[in-house]
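Right, one structure below, let's go through it.
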Amino acid sequence: MERESRLEAFGLADEATLVGMADDVLEDFEVEVTRGPTVGLLMVRVEEPSERLPFNFTEVTVSEAEVAAGDHRGYAMVMGKSPDRAVAGAVLDAALEAQHPLSPRIETMLSDAVAAGEAEWQRRWSTVAPTLVRFEDVT
Amino acid sequence: MGYSSVRGGLEAIGHAEQLIAGAVTDTDHEVGVEQVPGHLELLLDQVMGEGGLYDPQLGALAVKQAEGDPLEAGFLLRAYRTTLPRLGYSVPSSGRDTRVLRRISSAFRDIPGGQLLGKTRDYTQRLIDFGLGQKRAPSEGSNGTGEVNGAHATQPAEPLAPLPDEDEFPLVIDVLRAEGYMAPEPSEPVEDEPFDVTREPLRFPTRRSARLQVLARGETGAMLSLAYAGMRGYGGAHGYIGELRQGDLPVVISHPVTGKHARIGRVPVTESYQVVGGQATKADERPDYTMGYGIVTGRNERKAISMSIIDGSLKKEHKTGASIEDEEYVLHHIDAVEAMGFVEHLKLPHYVDFQASLQRTNSVRKLVQAARSNG
């Protein structure tokens, strides 16, 4: 999984599982929290399509944290008021960057979370797919 | 009847506050906050949109606390957001990247990808369903429709459908562009830093980025009323819905370590692309059609369509003088918090003001009586 894809995976994963995994990592992995955890606002920008004009659409609450582990930085931003999830995500991000021995388990957990998110999207899509109109020519 | 300053009422205010606090908790069937997204989804979407803050958990709390009053709940969200730091701005997302769950065009029948009705009441009769008043087993659905955004979606009767391709639902306005009816898409986005009305007060004339932000936070009813008036003749705003789409818009940030784009989640949105004709003249070769744009959080088609109608009217080069084309009139009167605050402040004591008014009236009366007695 690419590093940029981890952020959404942190948001999709079960929080207890994510925090539990971070606790396991921290048993032999020292980190310093360098940012947050902070609950704050992210302004979501949208590009108006006819002029390609960006504008400020709405704010969303986000939780953000960053940790340092030696030369490695770990970062997480997740949607919603969830500082524990953000710190756990940052720890796991740093652990993956440092190739911690638990990395394969972390990767599996994150991949499973993304797969569950995709499965939920397919379930939702399947509820609306039958509403696609098929016109019948009656002339 | 003179005025003397008094104090008091604190005890009465305290009791009144208790009545409000108990209104949502002193009941045998208290509504759980977790029930709001599943059962009052449209109300929640309206509140988050007008509050300018997407957070379903906070929005649900606000709805419950406000006893279902959308304006009051939006006010609560606006107040809460002022306590949080701004952590940054997202990378601009495009409706092209939306995961589509509903998408129709009333301008074209055959559109690439087809008309996807999704979750809609548009083709149903508006009859009260008395069956909803009956107690049902937990697994028994009300009418068999699937949910789109709700957490309590019914399982589809059919097997899982194959997912659509990423480019399955291109924008309908691209059809008009391809035919030369609408200006081609700019190759690069506009680079101006967007105006942020949460940081700077509005100044007129505004930039379009400011207008779109205010409209996106506007009150549904106020915007509907303006759009309705514009369509009926006060502004000639009757265009066509080139496309109306609902789905999940990606929220993307610039990763602070790698600098690359990274998606952190998605926000459900409704977009309206209002096609406005009659732009071409003999004097120039402008494209025949332009576009008004509307976007709101969640499922609020009424507001999205209204926004696109108002945006299209404000963009007009040749104005008719109608209110819907006057940005100062529109932008100053569609904000729910400002409007309700100003109108409802009349409930607060105005004893001194009214005393002054009575004194003026009495003075005028005396002058009139004196003038009459003097013949």
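Summed over the range B:313-330, residues that are part of a helix (DSSP H, G or I) and closer than 20 Å to B:H238 by Cα total 9. When the range B:254-278 is filtered for residues that are of a type in the set (K, R) and in a strand (DSSP E or B), the ones remaining, listed by number, are B:R263, B:R266.
Return a yes/no flag: does the range B:242-256 have any residue that is surrounded by fewer than 17 Cβ atoms within 10 Å (Cβ to Cβ) and either touching a Cys at 6+ places or on another chain (Cβ under 8 Å) or more than 8 Å from chain A (Cβ to nearest Cβ) (or both). There is at least one residue in the range B:242-256 that is surrounded by fewer than 17 Cβ atoms within 10 Å (Cβ to Cβ) and either touching a Cys at 6+ places or on another chain (Cβ under 8 Å) or more than 8 Å from chain A (Cβ to nearest Cβ) (or both). The lone criterion from (1) over 30 Å from B:L163 (Cα atoms); (2) at pLDDT 95 or above; (3) assigned to a loop (DSSP other than H, G, I, E, B); (4) not small (G, A, S) left unmet by B:I310 is number (3). For the range B:100-130, taking the residues that are outside any loop (DSSP other than H, G, I, E, B) and charged (D, E, K, R), the one that is nearest to the other protein chains (Cβ to nearest Cβ) is identified as B:R102. Do we find a residue being on the phi > 0 side of the Ramachandran plot and in the same structural domain as B:L176 (by TED's automatic domain parsing) anywhere in the range B:303-319? There is no residue in the range B:303-319 that is on the phi > 0 side of the Ramachandran plot and in the same structural domain as B:L176 (by TED's automatic domain parsing). The residue that is nearest to the other protein chains (Cβ to nearest Cβ), among those in the range A:94-111 that are surrounded by fewer than 23 Cβ atoms within 10 Å (Cβ to Cβ) and touching a Lys or Arg at 6+ places or on another chain (Cβ under 9 Å), is A:E97.
Per the listing A:V91, A:V62, A:V78, the residue uniquely facing chain B (nearest Cβ under 7 Å), in contact (Cβ under 8 Å) with a residue 60 or more places away in the chain and surrounded by 21 or more Cβ atoms within 10 Å (Cβ to Cβ) is A:V78. Just wondering, is there one or more residues in the range B:78-97 that are more than 22 Å from A:V46 (Cβ to Cβ), away from chain A (no Cβ under 12 Å) and in contact (Cβ under 8 Å) with a residue 24 or more places away in the chain? No: zero hits. In this structure, does A:G117 turn out to be at the interface with chain B (Cβ under 10 Å from one of its Cβ atoms), assigned to a helix (DSSP H, G or I), under 15 Å from the mean Cα position of the chain (by Cα) and farther than 30 Å from B:A210 by Cβ? So A:G117 passes the test. Taking the conditions (1) among the small types (G, A, S); (2) at the interface with chain B (Cβ under 7 Å from one of its Cβ atoms); (3) assigned to a helix (DSSP H, G or I) in turn, A:A9 satisfies each one other than (2). Scanning the range A:21-50 for residues that are in contact with a Phe, Trp or Tyr (Cβ under 9 Å, 6 or more places away or on another chain) and charged (D, E, K, R), we see that the one that is farthest from the other protein chains (Cβ to nearest Cβ) is A:R35. The residues of the range B:177-198 that are hydrophobic (A, V, I, L, M, F, W, C) and touching a residue at least 60 places away in the same chain (Cβ under 8 Å), listed by number, are B:M182, B:A183. Assessment of the range B:338-347 against the conditions (more than 14 Å from B:T206 (Cβ to Cβ) and assigned to a loop (DSSP other than H, G, I, E, B)) yields no matching residue.
Checked against the criterion of being surrounded by fewer than 18 Cβ atoms within 10 Å (Cβ to Cβ), among the charged types (D, E, K, R) and at negative phi, the range B:265-274 has no qualifying residue. If the condition is being in a loop (DSSP other than H, G, I, E, B), crowded, with 21+ Cβ neighbours inside 10 Å and of a type in the set (G, A, S), then the range B:5-59 contributes only B:G52.
The values are calculated or read from the model by the stated rules, or taken from the named source; none is laboratory data. Fair warning: this is a prediction, and the values are worked out from it, not measured in the lab. Note that we place each Cβ from the backbone using ideal geometry, even for glycine, and neighbour counts take in every protein chain shown.
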